[in-house]
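The values are calculated or read from the model by the stated rules, or taken from the named source; none is laboratory data. The model shown is predicted, which means the values in this text are computed figures rather than measured ones. Methodologically, a virtual Cβ is constructed for each residue, glycine included, from the backbone with ideal geometry; neighbour enumeration extends over all protein chains shown.
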């Protein structure tokens with residue numbers, strides 16, 4: 001290079017999805033330095049020639065403008081095969097079980113502390129923290145844990161393992177509420193979209209994993225609990241050359257077809273746009289936190305359609321989606337939402353081991369003899385049913401009628 005310090009600038013206004021190098025790294029010509037996203041399309045920034053990274057001027061998650069400086073590089077000597085990589089592959093130990101555990105560890109929170117910390121700073125939990133809270137201890141059997149994004153044309157294998165574990169979704173089988181209903185009746189299929197991986201977007205293997213677990217749920221008549229946080233379809237899967245990155249998928253029809261066959265429970269926290277919102281809306285029971293925004297298009301799609309610029313927090317806020325009937329239950333946070341999912345699931349899992357109810361004689365005085373006088377229907381319902389068993393759905397929507405789930409014990413002589 002003629003210039004000892006070369007500046008690498010952004011070719012467009014975009015968001016920084018990932019940074020693949022660190023200060024002092026030696027890079028080879030054409031090696032990916034960073035991934036940018038604009039209008040759901042991703043662009044790689046690559047090294048123009050063999051060099052050393054002398055300055056990293058951006059961070060993952062930054063919003064940048066066209067022409068903004070991203071890196072500074074300086075001339076380097078010969079780049080060896082080992083130093084030209086972003087990260088070296090972990091060596092095989094010769095012990096197949098140990099090698100498998102090493103590969104599985106890439107999907108753990110421990111390997112991605114920065115991503116987990118970003119969730120915690122927002123007051124959110126990681127996908128695996130929600131999974132652990134939802135399922136009975138040690139009951140989860142994961143499907144497709146070693147999947148990564150279909151972007152091998154753009155990133156090396158090590159980067160994909162670290163940045164796209166599970167291709168952004170955790171799927172598997174588990175038990176929930178087995179202490180109350182027993183193992184047989186508590187079998188559930190679980191899907192947890194991981195927003196820390198490419199904003200929870202739906203990619204090629206992401207959909208394959210969901211399709212597989214939904215197929216298992218249909219065959220075994222298992223309820224499904226799905227956490228839906230995410231930004232919709234991801235056209236950046238460059239390894240798939242047909243059908244718009246392979247997103248011509250049966251997922252949505254398969255999910256909707258299970259309604260009426262098995263209970264479908266959706267849980268959302270954070271942004272839920274486009275395809276993720278379609279899945280949320282088609283669930284039988286829809287639970288969302290107070291920090292949820294749910295819409296059939298995200299900011300990029302709205303802007304691309306010529307409808308203006310909107311912040312994600314202006315799209316489908318929880319108060320709007322509750323009053324229009326999209327959300328059945330509003331939770332304080334992810335912990336509360338998970339509890340509500342467990343509670344709703346329990347209505348379909350059999351008889352509880354213990355129960356209690358109010359004095360039924362009190363029902364005589366709850367409704368006035370003169371039907372022209374108003375009365376509190378919720379007090380009557382709560383007096384009639386098992387104690388604390390009423391879960392009311394969509395309370396702000398259609399307030400002239402009360403709907404929900406209850407338990408009424410079936411007497412042995414009934």
*Can you find even one residue in the stretch 310-325 that is buried (at least 20 other Cβ atoms within 10 Å of the Cβ), in contact with a helix residue (DSSP H, G or I) (Cβ under 9 Å, 6 or more places away or on another chain), not assigned by TED's automatic domain parsing to the domain that holds residue 39 and not in a loop (DSSP other than H, G, I, E, B)?*
no
*Give 177, 193 a once-over and let me know the one that is under 24 Å from residue 254 (Cα atoms) and in the same structural domain as residue 238 (by TED's automatic domain parsing).*
193
*Is there a residue in the stretch 377-389 that is surrounded by 15 or more Cβ atoms within 10 Å (Cβ to Cβ) and within 31 Å of the chain's Cα centre (by Cα)?*
yes
*Given the conditions (1) touching a strand residue (DSSP E or B) at 6+ places or on another chain (Cβ under 6 Å); (2) at pLDDT 95 or above, which single one is not true for residue 163?*
(2)
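Table: residues versus (1) part of a strand (DSSP E or B); (2) at pLDDT below 95; (3) within 24 Å of residue 141 (Cα to Cα).
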position: 159; (1), (2), (3): no, yes, no
position: 173; (1), (2), (3): yes, no, yes
position: 189; (1), (2), (3): yes, no, yes
position: 192; (1), (2), (3): yes, no, yes
position: 239; (1), (2), (3): no, yes, no
position: 255; (1), (2), (3): no, no, yes
_Scan the stretch 136-149 and tell me whether some residue there is without any contact (Cβ under 8 Å) to a residue 60 or more places away in the chain and in a helix (DSSP H, G or I)._
no
*Say we look at the stretch 196-227 and pick out the residues that are more than 30 Å from residue 349 (Cα to Cα) and not in a helix (DSSP H, G or I); which of these is farthest from the chain's Cα centre (by Cα)?*
203
*When only residues in the stretch 156-171 that are surrounded by 20 or more Cβ atoms within 10 Å (Cβ to Cβ) and in contact with a helix residue (DSSP H, G or I) (Cβ under 7 Å, 6 or more places away or on another chain) count, which is farthest from residue 341 (Cα to Cα)?*
164
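Any idea how many residues of the stretch 278-309 are surrounded by 15 or more Cβ atoms within 10 Å (Cβ to Cβ) and in a loop (DSSP other than H, G, I, E, B)? Give the steps one after another, and end with the answer.
From the stretch 278-309, those surrounded by 15 or more Cβ atoms within 10 Å (Cβ to Cβ) are 278-302; that's our starting set.
Within this subset, residues satisfying the condition of being in a loop (DSSP other than H, G, I, E, B) are 282-284, 296-298.
So the answer is 6.
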_Test: residue in the stretch 121-129 that is modelled with pLDDT of 95 or more, surrounded by 20 or more Cβ atoms within 10 Å (Cβ to Cβ), more than 21 Å from residue 348 (Cα to Cα) and out of contact with any helix residue (DSSP H, G or I) (no Cβ under 8 Å at 6 or more places or on another chain)_ = yes
